[in-house]
Structures are given as structure tokens and as C-alpha cells.
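Each remark here refers to the structure printed beneath this line.
The values are calculated or read from the model by the stated rules, or taken from the named source; none is laboratory data. All values reported here derive from a predicted model rather than from experimental measurement. Please note: Cβ atoms are built from the backbone with ideal geometry, for glycine as well, and neighbour counts cover all protein chains shown.
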Amino acid sequence: MNGHRRIDLHTHTTCSDSTVTPAELVKLAARLGVDAIAVTDHDTMAAVAQAQSVGAELGVEVLAGVELTCGWDGEKIHLRGYGLCPEAPALQEILQGPVAERTRRNRGIAALMQADGMDVTLEMLERRHPGATIGRPHFAGILMEQGRADSVNDAFRRYLGAGCPYFLPRQYLPLSRGVEMIRRCGGVAVLAHPLQYQFPHERLRRLTEEGKRFGIAGMEVYYSGYLAQQREVLQALAAEFGLFVTGGSDFHGATKPAISLAAGYGNLSVPEECLVNLKREIALAQEKQ
Ligand code: AMP
Ligand code: ZN
Ligand code: FE
Ligand code: FE
């Protein structure tokens, strides 16, 4: 045992597209000796209250978060909000748009599948995942059960990913609006997993610069699969634009089976400094409210 705390500031639950319930997530953290996690589901904060109450019992610190998909320069970017109040009416208002847009798209995907004789309906998904933010990973679950795909990845590759027969685009909140809304709810805005967009460096730099101008405060530098050299590039960008550094695994349970809580693909180690940074920024944001 060394003294340093294990943390993971990017996780998902069954309230979005993970297979692990909020309580199971926190129990897993306790079992693995993870001291602090942030729950960051897609378009919902429904997991936060339960995760925090189990966390209080088990001695796991649970931070509130949410992951929004935003549009920027014709691409989709993940924007994280931390420290928002899950019950704030303004937050419910923010999340209504993306959730309605998901429903519209999900209905369309199901209709395309039905037209090809597949037995997939939106009602089926809602029954299987009550209250969850439904997305393509849930379609993947049904396709696997029906023997049409071997894994979530396989389902995305053959059916659900961009360019596939059942892919439908959805409309995204502009990044500037997303940041503004998070801040209006007393939250801290963070640019998520910057290398996932596969931008050339100059474009990533422009995203960082504009993001900073919109009010993004932090950057996710530690992330499953990011190499030391890649983290250095991100550290430098974060420093250049005065963004604080954070990190997490993007744990999704069996939806992303190769990613372990806190450890990512095995060698992720998010420094405790990230938790300190994040808590300082959350406190600052709440002072300004
Ligand atoms: P949606 O929110 O419906 O657009 O689905 C996108 C979500 O599916 C992402 O945020 C990931 O959590 C997950 N996802 C995307 N691609 C894959 C993949 N190849 N394998 C597993 N999960 C994926
Ligand atoms: Zn997800
Ligand atoms: Fe993400
Ligand atoms: Fe995520």
C-alpha cells in the first residue's frame, strides 16, 4: 500500500449506457480501494443521489457530473459538467432537448430495423432500461441477444456506427451553449477525452482555444489508452490555455468490457491532483452562483 488515493473522475451507470447500477458502481469502487469517483452519465444526473448515498455508507467520495454531446465545427465533442446540482430546474430544462432528440433518433433507428424485418422497438428498449438515457449501446445489447452481433463493438461496426445501415445522426447542442448551460447551473465545464476526436494538432488547439473562450475550465488529460507522450501534448495545451487537468477511465461495465474502473486498460492512474483541481474549481463555481 502506498499513500496515494485511487480516483476515477469519469464513469457511467445504468442511468445511461453502462451495465452497472449506481449502487454497484460505488460498491465496486469500495471493493477496488478507489477513494473517489465522479458519476458522469450521458445527458442525465439520475445516478448521482443514489451513488452519493451508497458512497457515504462505504466511504467512497462521489462527485456529481454529466456528459453532454455537443457540436463544434461539424464534429461531435463530449463536454463534461461537474458539480451541478442534479435537482436544479435549469438542469432539467437543459437535458430535455438532448433527451427528446435521442428519442426521435432511437425511434428512427428502430423503424429502419423493423423495415428490415428485425424485432426491435423503442418500447422494448424502454422496458429493458427503465429511466435510462437510451442510446446506441442499448440497441447493441438487443442485437447481441438476437445473435446478430458478437459484441457491442461488433454491433457498432456492422449496424450502428456512422456509415452503417442503421446509423442516424442526431442534432447536438452547440458547444458554446453547452458550456453556458453548465456554468449557469453552477457547474464546471471540462473538455472530455480530447484525442478521441482524432483532430490534427492545429484543429485540437483551435478547439481548446475556442472552448476556453466559451468558458471551459478544464481538460481531461488522463484517459484510458492515452500514452505518456500523448498526455504531455495535452498537458501543454491545457497549460497554454490555462485549463486545469483532470482524468478518468470512461468505465461502462460490460458496454466497454476492456475498461476497468480507475485502471482503464490496466495502467491508468489518475493523479490525486486531478481531484484536488476539480474540487477547487467546483468550489469556485459555486461561490460565483
Ligand atoms: P449514442 O449516445 O447513442 O450516440 O451512442 C454513443 C455512445 O456509445 C458513446 O458515448 C459510447 O459510450 C458508446 N460507444 C460508441 N462507440 C462504441 C463502440 N464501438 N463500442 C462500445 N460503445 C461505444
Ligand atoms: Zn457511454
Ligand atoms: Fe465521452
Ligand atoms: Fe463517457
Query raised in the report: Of everything in the stretch 255-283 that's in contact (Cβ under 8 Å) with a residue 40 or more places away in the chain and farther than 30 Å from residue 135 by Cβ, which residue is nearest to ligand 3 (Cβ to nearest atom)?
Result: 271
**Report entry** Pick from the stretch 92-110, criterion within 16 Å of residue 174 (Cα to Cα) and in contact (Cβ under 8 Å) with a residue 40 or more places away in the chain, ranking: surrounded by the most Cβ atoms within 10 Å (Cβ to Cβ)
**Finding:** 94
Requested in this report: Determine, yes or no, whether residue 126 is within 20 Å of residue 175 (Cα to Cα), among the acidic types (Asp, Glu) and either crowded, with 16+ Cβ neighbours inside 10 Å or out of contact with any helix residue (DSSP H, G or I) (no Cβ under 8 Å at 6 or more places or on another chain) (or both).
Outcome: no
Requested in this report: Please enumerate the residues belonging to the stretch 1-38 that are surrounded by fewer than 17 Cβ atoms within 10 Å (Cβ to Cβ) and basic (Lys, Arg).
Outcome: 5, 31
Report task. Name the residue, out of 116, 73, 41, that is buried (at least 21 other Cβ atoms within 10 Å of the Cβ) and of a type in the set (D, E, K, R). Result -> 41
Requested in this report: Go through the stretch 235-254 residue by residue and tally those that are outside any loop (DSSP other than H, G, I, E, B), within 16 Å of ligand 3 (Cβ to nearest atom) and surrounded by 21 or more Cβ atoms within 10 Å (Cβ to Cβ).
Outcome: 4
Query raised in the report: Restricting to the stretch 156-173, what's the tally of residues that are among the aliphatic types (A, V, I, L, M), touching a residue at least 24 places away in the same chain (Cβ under 8 Å) and in a loop (DSSP other than H, G, I, E, B)?
Result: 1
Query raised in the report: When you look at residue 282, is it modelled with pLDDT of 95 or more and more than 16 Å from ligand 4 (Cβ to nearest atom), yes or no?
Result: yes
Requested in this report: Specify the residue that is nearest to ligand 4 (Cβ to nearest atom); the eligible residues are those in the stretch 111-146 that are more than 19 Å from residue 255 (Cβ to Cβ) and of a type in the set (Gly, Ala, Ser).
Outcome: 111
Report task. Evaluate the following for residue 102: is it within 30 Å of residue 213 (Cα to Cα) and modelled with pLDDT of 95 or more? Result -> yes
Requested in this report: Just one of (1) within 25 Å of residue 175 (Cβ to Cβ); (2) buried (at least 21 other Cβ atoms within 10 Å of the Cβ); (3) within 16 Å of ligand 2 (Cβ to nearest atom) trips up residue 264, so point out which.
Outcome: (1)
Query raised in the report: In the stretch 154-170, which residues are within 16 Å of ligand 2 (Cβ to nearest atom) and either surrounded by 15 or more Cβ atoms within 10 Å (Cβ to Cβ) or under 17 Å from residue 41 (Cβ atoms) (or both)?
Result: 155, 156, 160, 170
Requested in this report: Please specify each residue of the stretch 201-234 satisfying the condition of being assigned to a loop (DSSP other than H, G, I, E, B) and under 26 Å from residue 258 (Cβ atoms).
Outcome: 224, 225, 226, 227
**Report entry** Within the stretch 174-200, tally of residues that are more than 16 Å from ligand 2 (Cβ to nearest atom), surrounded by fewer than 20 Cβ atoms within 10 Å (Cβ to Cβ) and not in a loop (DSSP other than H, G, I, E, B)
**Finding:** 6
